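Following: one structure in structure tokens, then a few remarks.
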Amino acid sequence: MICTNCVMDTTDTKITFDDKGVCDHCNTYYSDIEPNWNPNNKGLLEISKVADKIKKEGKGKEFDCIIGMSGGIDSSYLVYLAKEKLGLRPLVFHVDAGWNSQQAVHNIERIVDKLDLDLYTEVIDWEEMKDLQLSFFKSGVSHIDTPQDHAFFATMYKFASKYNVKYILTGGNYSTECIRNPLEWMYYQSDSRQLKDIQKKFGTVKLKNFPTTNILWHKVYLPYIKKIQLIRPLDFMPYHKEEATQLLVDHLDYQRYAQKHFESRFTRFYEGYWLPTKFGFDTRKVQYSSLILTGQMTREEALEKLKIPAFDKEMIKHDFEYIATKLGISVDELQGYLDAPNKKYTDYKNQMWLYNFGAKVMRVLGVEKGGKR
């Protein structure tokens, strides 16, 4: 069954529908997110006040905030807005986990150069990253992109904590992400207990240099003890994905990607091929549904796009070989992981109880709306 309003369907096994066939993702958006979201003059006034505070506190410093940049459209457009519209002096922070596409490298370099900003790049220990990545393949879980995502967040948080940076700007937004990937598709990448358990069971090396974080550290210690604020400026300003992309193309020599998150060679393979082939999870349904709800795509357009696989056969073959070679294994071994029985996050140690508790507290306090379920 498919939602009559968006394109989410029963490949999300927790999905529910009302008597009109509208799914709970849509109803959550209409009841919890849309009424409290102001990407207009009201929001612009609010974020401008925040920016003024950041600039005031940052006087005399090399930079007044940091922005994590992957080279994708959300973070790239945020860097542009922060510098050109809000007048901030961000340090552009990039984590190289070994999977950058040439497009991503190009986009980061061009935007940083043209906006005259400083770039700080942290390179993850590849031998440890490679071993951890293989451990996730061997585990059989769907969220094999966790090592990369975990490294991104942990590295940026640790940098902010070490150098006492009070403001982290992130490209997270409702405009293109008002529907979240179901928990069974992508489990919380910040669960260090699960990451360590999977590595202990399947890894061959100890993680000495790989950066780790946990929910208590970045949800409690950093914001309430260290007073480090995580801000999502795109939620306060008009953000239309296509218009933003074209602006970057025209003015900053930005190169387009075929799909959201495809700035990473690994994520392109993972979301475009591995997830739909092995698990039947097509993340485009989440991405397109978000765009439908925010008026950037029609349901008919989304349904037509979903008829075409995210990858063509030639690209699948090439990337399959690329991933295997980079991980130091044979194509047959990688195929073996694809054919092996599927596992869930519940098959390994996890901190799900803590996430559930935290989500309830955040909703009561009005800090968080919607979310994974």
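The values are calculated or read from the model by the stated rules, or taken from the named source; none is laboratory data. Predicted model, so just to flag it, every value in this text is computed and none were measured. Quick reminder, even Gly has a Cβ in these numbers, built from the backbone with ideal geometry, and neighbours come from all protein chains shown.
For the condition under 25 Å from Met352 (Cα atoms), in contact (Cβ under 8 Å) with a residue 40 or more places away in the chain and buried (at least 21 other Cβ atoms within 10 Å of the Cβ), what is the one hit in Thr146, Thr170?
Numbers: Thr170 fails: buried (at least 21 other Cβ atoms within 10 Å of the Cβ).
The conditions single out Thr146.
Any idea how many residues of region 206-265 are of a type outside the set (A, V, I, L, M, F, W, C), within 20 Å of Tyr355 (Cα to Cα) and assigned to a helix (DSSP H, G or I)?
Final tally of qualifying residues: 5.
Looking at (1) touching a His at 6+ places or on another chain (Cβ under 6 Å); (2) closer than 24 Å to Ile198 by Cβ, which is the one condition that is false for Thr121?
Checking Thr121 against (1) touching a His at 6+ places or on another chain (Cβ under 6 Å); (2) closer than 24 Å to Ile198 by Cβ, the one that fails is (2).
Does region 262-279 contain at least one residue that is out of contact with any helix residue (DSSP H, G or I) (no Cβ under 7 Å at 6 or more places or on another chain), modelled with pLDDT of 95 or more, surrounded by fewer than 18 Cβ atoms within 10 Å (Cβ to Cβ) and not hydroxyl-bearing (Ser, Thr, Tyr)?
yes
Each row is one residue, and each column tells you yes or no for (1) in contact with a Phe, Trp or Tyr (Cβ under 7 Å, 6 or more places away or on another chain); (2) over 23 Å from Glu128 (Cβ atoms); (3) of a type in the set (S, T, N, Q).
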site	(1), (2), (3)
Arg268	yes, no, no
Tyr273	yes, yes, no
Ala302	yes, yes, no
Asp312	no, yes, no
Ile323	yes, no, no
Ile329	no, no, no
Tyr345	yes, no, no
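Of all residues being crowded, with 16+ Cβ neighbours inside 10 Å and either among the β-branched types (Val, Ile, Thr) or at pLDDT below 95 (or both) in region 1-21, which is nearest to Leu303 (Cα to Cα)? Just the residue, please.
Val7
If you check Tyr273 against the conditions, is it hydroxyl-bearing (Ser, Thr, Tyr), more than 28 Å from Tyr80 (Cβ to Cβ) and under 20 Å from the mean Cα position of the chain (by Cα)? So that I can check it myself, show each step before the final result.
Working: hydroxyl-bearing (Ser, Thr, Tyr): yes; more than 28 Å from Tyr80 (Cβ to Cβ): yes; under 20 Å from the mean Cα position of the chain (by Cα): yes.
Answer is yes for this residue.
Would you pick out the residues in region 207-241 that are among the charged types (D, E, K, R), at pLDDT below 95 and out of contact with any helix residue (DSSP H, G or I) (no Cβ under 7 Å at 6 or more places or on another chain)?
Hit for region 207-241 is Lys227, nothing else.
Can you name every one of the helices (runs of 4 or more DSSP H) wholly within region 49-151 that holds 2 or more residues which are over 22 Å from the mean Cα position of the chain (by Cα) and under 29 Å from Lys278 (Cα atoms)? Working first, answer last.
Details: elements: 73-80, 102-114, 126-139.
Once the helices (runs of 4 or more DSSP H) in region 49-151 are filtered for at least 2 residues that are over 22 Å from the mean Cα position of the chain (by Cα) and under 29 Å from Lys278 (Cα atoms), what remains is 126-139.
Could you check Trp126 against (1) closer than 25 Å to Leu338 by Cα; (2) of a type outside the set (Gly, Ala, Ser); (3) surrounded by 20 or more Cβ atoms within 10 Å (Cβ to Cβ) and say which number it fails?
The one condition Trp126 does not meet is (3).
Restricted to region 152-189, and to residues that are in a loop (DSSP other than H, G, I, E, B) and among the charged types (D, E, K, R), which residue is nearest to Ser70 (Cα to Cα)? So that I can check it myself, show each step before the final result.
If we filter region 152-189 for residues that are in a loop (DSSP other than H, G, I, E, B), which is where we start, we get 163-166, 170-173, 178-189.
Those still in the list that are among the charged types (D, E, K, R) too: 166, 180, 184.
On the way: Lys166: 21, Arg180: 19, Glu184: 25 Å.
The qualifying residue nearest to Ser70 (Cα to Cα) is Arg180.
Might you check whether a residue that is out of contact with any Pro (no Cβ under 7 Å at 6 or more places or on another chain), part of a helix (DSSP H, G or I) and at pLDDT 95 or above occurs anywhere in region 351-359?
Restricting attention to region 351-359, the residues satisfying the condition of being out of contact with any Pro (no Cβ under 7 Å at 6 or more places or on another chain) are 351-359.
Now narrow it down to the ones that are part of a helix (DSSP H, G or I): 352-359.
Subsequent filtering for residues that are at pLDDT 95 or above retains none.
No.
Among the residues of region 299-311, count how many are out of contact with any helix residue (DSSP H, G or I) (no Cβ under 7 Å at 6 or more places or on another chain) and surrounded by 12 or more Cβ atoms within 10 Å (Cβ to Cβ).
Keep residues of region 299-311 that are out of contact with any helix residue (DSSP H, G or I) (no Cβ under 7 Å at 6 or more places or on another chain), which gives 300-301, 303-304, 307-309.
Add one more test, that the residue is surrounded by 12 or more Cβ atoms within 10 Å (Cβ to Cβ), and what stays is 301, 303, 309.
Result for region 299-311: 3.
Restricting attention to region 62-81, does a residue exist that is exposed (fewer than 14 other Cβ atoms within 10 Å of the Cβ) and at pLDDT below 95?
Pass one, region 62-81, residues exposed (fewer than 14 other Cβ atoms within 10 Å of the Cβ): 62.
In the following step, the residues that additionally are at pLDDT below 95 were identified as 62.
Looking through region 62-81, at least one residue is exposed (fewer than 14 other Cβ atoms within 10 Å of the Cβ) and at pLDDT below 95.
Scan region 210-228 and give yes if some residue there is touching a Pro at 6+ places or on another chain (Cβ under 9 Å), within 24 Å of Tyr30 (Cβ to Cβ) and surrounded by 20 or more Cβ atoms within 10 Å (Cβ to Cβ), otherwise no. So that I can check it myself, show each step before the final result.
Filtering region 210-228 down to residues touching a Pro at 6+ places or on another chain (Cβ under 9 Å) leaves 210.
Filter once more, so that each one left must be within 24 Å of Tyr30 (Cβ to Cβ): none.
No, the conditions are met nowhere in region 210-228.
Among the residues of region 321-350, write down those that are free of Cβ contacts under 8 Å to residues at least 60 places away in the same chain and closer than 27 Å to Leu183 by Cβ.
So the first thing to find is which residues in region 321-350 are free of Cβ contacts under 8 Å to residues at least 60 places away in the same chain, and the list is 321-325, 330-333, 335-336, 339, 346.
Hits for region 321-350 are Ile323, Gly336, Asp339, Thr346.
For region 328-337, which positions are over 8 Å from Gly140 (Cα atoms) and either assigned to a helix (DSSP H, G or I) or among the small types (Gly, Ala, Ser) (or both)? Walk me through it before giving the result.
Let us first name the residues in region 328-337 that are over 8 Å from Gly140 (Cα atoms), namely 328-336.
Passing the criteria: Gly328, Ser330, Val331, Asp332, Glu333, Leu334, Gln335, Gly336.
Do the conditions hold for Met156, that is, is it buried (at least 18 other Cβ atoms within 10 Å of the Cβ) and modelled with pLDDT of 95 or more? Break it down into steps so the answer makes sense when it comes.
On the way: buried (at least 18 other Cβ atoms within 10 Å of the Cβ): yes; modelled with pLDDT of 95 or more: no.
In short, no.
If Lys61 meets every condition in (1) touching an Asp or Glu at 6+ places or on another chain (Cβ under 7 Å); (2) under 24 Å from Lys162 (Cα atoms) apart from one, which number is that one?
Condition (1) is where Lys61 drops out.
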